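S.K.: The structure that follows is given in the form of structure tokens.
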Amino acid sequence: MTLPPLATVAQLEDWLQVPRGSAPVNTVTLALGIASDMVRREAKTTFTVRTVTVWKAIEDGEIRLPGPVTSVGAVVLDGSTLAEGTDWVLEGDVIRLTSLYRRRCGRARVTFTFGWPVVPMEIVGLVLDVGARACVNPKNLRQESTGQRSVTFASETLATSLADVEKDKLARYRPVASLTSRWGR
């Protein structure tokens with residue numbers, strides 16, 4: 001499944017402060033698609049809204065879900081559908097089982113909706129930065145001279161990649177992994 005870019009051609013033209021319609025659409029669309037894919041892979045999220053059914057581990061009476069969670073459709077444990085409010089509550093991105101089920105371990109089948117209904121502007125800006133680097137310096141030049149005029153490109157513009165600071169920004173969007181050790185089981 002191919003997802004749409006996280007930023008538009010018009011946004012990139014505005015970002016680069018060039019007239020609308022002046023950017024080579026095919027090149028810019030490709031650059032934004034590549035930048036969006038890099039951002040999604042590093043963040044480990046699609047920045048879309050999805051509904052999924054998954055088996056999740058129950059740890060200390062909690063089921064941790066990737067977020068942001070917008071709703072939970074069902075929690076099924078040992079073939080029985082648990083009742084919201086009575087058997088479980090959703091707090092942020094964590095389902096907390098009530099006292100009756102709190103000591104249970106194992107796995108539960110959970111159907112839930114999560115993701116980003118609107119791409120955060122920080123992510124749009126990051127995609128525009130990466131896409132702009134690819135479009136402004138497509139030949140990966142370090143320096144270019146014409147007569148008395150010389151342009152030196154920053155080393156970050158060489159190759160389309162995410163800078164360390166950009167990877168750091170994406171850390172907050174990554175799903176939280178369970179830190180439970182499997183040793184001794």
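S.K.: Conditions: (1) assigned to a strand (DSSP E or B); (2) more than 19 Å from the chain's Cα centre (by Cα). Arg50 meets all but one. Number of the miss?
M.R.: Condition (2) is where Arg50 drops out.
S.K.: Which residues, taken from segment 28-47, are assigned to a helix (DSSP H, G or I), in contact (Cβ under 8 Å) with a residue 40 or more places away in the chain and not acidic (Asp, Glu)?
M.R.: Scanning segment 28-47 gives Val28, Ala31, Leu32, Ile34, Ala35, Ser36, Met38, Val39, Ala43.
S.K.: Shifting gears a bit: Just one of the numbered conditions (1) open to solvent by 80 Å² or more (accessible area, probe 1.4 Å); (2) among the basic types (Lys, Arg); (3) modelled with pLDDT of 90 or more; (4) out of contact with any Pro (no Cβ under 8 Å at 6 or more places or on another chain) is not true of Arg103; which one?
M.R.: Of the numbered conditions (1) open to solvent by 80 Å² or more (accessible area, probe 1.4 Å); (2) among the basic types (Lys, Arg); (3) modelled with pLDDT of 90 or more; (4) out of contact with any Pro (no Cβ under 8 Å at 6 or more places or on another chain), the odd one out for Arg103 is (3).
S.K.: Given the structure, is Arg50 charged (D, E, K, R) and open to solvent by less than 80 Å² (accessible area, probe 1.4 Å)?
M.R.: No: the conditions fail for Arg50.
S.K.: Is it the case that segment 40-47 has a residue that's over 17 Å from Leu162 (Cα atoms), among the aromatic types (Phe, Trp, Tyr) and open to solvent by 10 Å² or more (accessible area, probe 1.4 Å)?
M.R.: no
S.K.: Here is a follow-up. How many residues, within segment 5-23, are open to solvent by 40 Å² or more (accessible area, probe 1.4 Å) and touching a residue at least 24 places away in the same chain (Cβ under 8 Å)?
M.R.: 5
S.K.: In segment 58-79, is there at least one residue being within 21 Å of Arg172 (Cβ to Cβ) and open to solvent by 60 Å² or more (accessible area, probe 1.4 Å)?
M.R.: Yes, because at least one residue in segment 58-79 is within 21 Å of Arg172 (Cβ to Cβ) and open to solvent by 60 Å² or more (accessible area, probe 1.4 Å).
S.K.: Being touching a Leu at 6+ places or on another chain (Cβ under 9 Å) and outside any strand (DSSP E or B) is the filter here; which residues of segment 63-83 pass it?
M.R.: Correct list: Leu65, Leu82.
The values are calculated or read from the model by the stated rules, or taken from the named source; none is laboratory data. Treat the numbers as computed from the prediction; the structure is a model and nothing was measured. In this analysis, Cβ positions are derived from the backbone assuming ideal geometry, glycine residues included, and neighbour counts consider all displayed protein chains. Surface accessibility is based on the protein's heavy atoms, side chains included, excluding ligands, DNA and RNA. Shrake-Rupley method; radii C 1.70, N 1.55, O 1.52, S 1.80 Å.
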